[in-house]
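Read through the structure below, which is laid out as structure tokens, and then see the notes.
The values are calculated or read from the model by the stated rules, or taken from the named source; none is laboratory data. This one's a predicted model, so the numbers in the text were calculated from it and none came from an experiment. FYI the Cβ positions are ideal-geometry reconstructions off the backbone, even for glycines, and counts take in every protein chain you see. What goes into the accessible areas is simple: the full protein's heavy atoms, side chains included, and nothing from ligands, DNA or RNA. Shrake-Rupley method; radii C 1.70, N 1.55, O 1.52, S 1.80 Å.
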Amino acid sequence: MNVSFHSPAPRTAISGSKAHKQSKQHGFEDMELDGDHEDGSNGSGVKDSTLHVVTPGEVITQDTAFMRGHGTYIENEKVVSSVAGVVDRVNKLISVRPLHTRYTGEIGDVVVGRITEVAQKRWKVDVSARQDAILMLSSINLPGGVQRRKQESDELQMRSFFMEGDLVVAEVQAFFGDGAYSLHTRSLKYGKLRNGSFITVPPALVQRCKSHFHSLACGVDVILGLNGYIWVSAHVPQNLDEIDTELVYSNKNKEDITPRDRESIARVGNCIRALADEFIFINDTIISFAYEASLQYKLKDMNKKEIMHAIATEATTAVDNMKG
């Protein structure tokens, strides 16, 4: 028996005049697309949708007065979505914000990344962006904190500083012409990462804070990369005067990491995963509350869905109570 499939008929878009009339009746004449109207319309000729969520190939509007932005294209004089996401409008410009997207950085962002390639006078770093970031040889500190221009001998020793697979924490300092990020590790608080565990969460969940380097009460350090890469490690001295500059590029972990330290690192990592699984903003405060909430459970049970939900719920409640 032959079976044929037919695509559903597309919903008709609201004309500009009709949408304007509807929005005027409800007092939303000047509201942008981000705000949902009581009648479900957006007051701008854009297709009716409760949350303004569209899928690829879906017609957003047929009104030719609108311009297409990111995440859209023009087909038969209609603005069509090219990604799955939320429709956003600024005046006459319509764009679609993807539900899942790569990291989009800003100058000054603290990021955690992995070295993917050693090239001429530079390293390529995976920072969960659309393309690898660039860490120039001139943008790092030399061992011992020596301040001088980089020489040919330094270029020959690049793999003694960073090699493929190394994890680093750095800061975004500029953008190249092709959109790639330029990183630097000139401060002693940046550099190679050791003694810990690497965790990945959606970049949108990492909350911007005054500092992204945190020492928790449980004896664990957390670096919250704004690109969604998080590093959880055993405590290391935060006072720059206590840091041994000769060991900045060492590949050896601490020898005195105790089983209790390892358990604390694993527990904090599981707490972060639980918060991300519940789509909760991640900062040092809620991680601390989540850690306290997790102490009643065994470490091996923390990957169970019901326990992850319970930990995230208790941590969120504790934060709400703290705010009053």
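Just checking, how many residues over the range 301-319 are surrounded by fewer than 14 Cβ atoms within 10 Å (Cβ to Cβ) and in a helix (DSSP H, G or I)? Outline the logic, then answer.
First, pick out the residues of the range 301-319 that are surrounded by fewer than 14 Cβ atoms within 10 Å (Cβ to Cβ): 301, 303-306, 309, 317.
After this cut, where a residue has to be in a helix (DSSP H, G or I) as well, the list is 301, 305-306, 309, 317.
Residues that pass the stated criteria total 5.
Can you name the residue in the range 192-227 that is basic (Lys, Arg) and not in a strand (DSSP E or B) and is also surrounded by the most Cβ atoms within 10 Å (Cβ to Cβ) among such residues?
Step one: filter the range 192-227 for residues basic (Lys, Arg), giving 192, 194, 208, 210.
Going one step further and asking which of them are not in a strand (DSSP E or B), we end up with 194, 208, 210.
Working: 194: 17, 208: 12, 210: 4.
If we take residues in the range 192-227 being basic (Lys, Arg) and not in a strand (DSSP E or B), then 194 is surrounded by the most Cβ atoms within 10 Å (Cβ to Cβ).
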- Task: Run residue 135 past the list (1) modelled with pLDDT under 95; (2) outside any loop (DSSP other than H, G, I, E, B) and report the number of the one that doesn't hold.
- Result: (1)
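Taking the options 86, 80, name whichever one is in contact with a His (Cβ under 6 Å, 6 or more places away or on another chain) and either at pLDDT 85 or above or closer than 21 Å to residue 202 by Cα (or both).
Unique residue meeting the criteria: 86.
State yes or no: is residue 136 surrounded by fewer than 17 Cβ atoms within 10 Å (Cβ to Cβ) and closer than 15 Å to residue 186 by Cβ?
Values: surrounded by fewer than 17 Cβ atoms within 10 Å (Cβ to Cβ): yes; closer than 15 Å to residue 186 by Cβ: yes.
Yes: the conditions hold for residue 136.
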- Message: Any residue that is open to solvent by 80 Å² or more (accessible area, probe 1.4 Å), modelled with pLDDT under 90 and under 22 Å from residue 102 (Cβ atoms) - is there at least one of those in the range 70-77?
- Response: yes
- Message: Suppose the filter is under 28 Å from the mean Cα position of the chain (by Cα) and basic (Lys, Arg); does residue 254 pass it?
- Response: no
- Regarding residue 289, is this residue in a loop (DSSP other than H, G, I, E, B) and of a type in the set (A, V, I, L, M, F, W, C)? no
- Test set (1) closer than 30 Å to residue 139 by Cα; (2) free of Cβ contacts under 8 Å to residues at least 60 places away in the same chain - residue 95 fails condition number: (1)
- Query: Is one or more of the residues making up the range 152-159 surrounded by 12 or more Cβ atoms within 10 Å (Cβ to Cβ) and within 19 Å of residue 103 (Cα to Cα)?
  - Reply: no
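Residues of the range 90-109 being open to solvent by 30 Å² or more (accessible area, probe 1.4 Å) and at pLDDT below 90, which ones?
If we filter the range 90-109 for residues that are open to solvent by 30 Å² or more (accessible area, probe 1.4 Å), which is where we start, we get 90-93, 97-102, 104, 106-108.
If the condition is that a residue be open to solvent by 30 Å² or more (accessible area, probe 1.4 Å) and at pLDDT below 90, then 90, 91, 92, 97, 98, 99, 100, 101, 102, 104 are the ones that fit.
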- Within the range 258-288, track down each residue that is surrounded by 18 or more Cβ atoms within 10 Å (Cβ to Cβ) and among the small types (Gly, Ala, Ser). 264, 269, 274, 276, 288
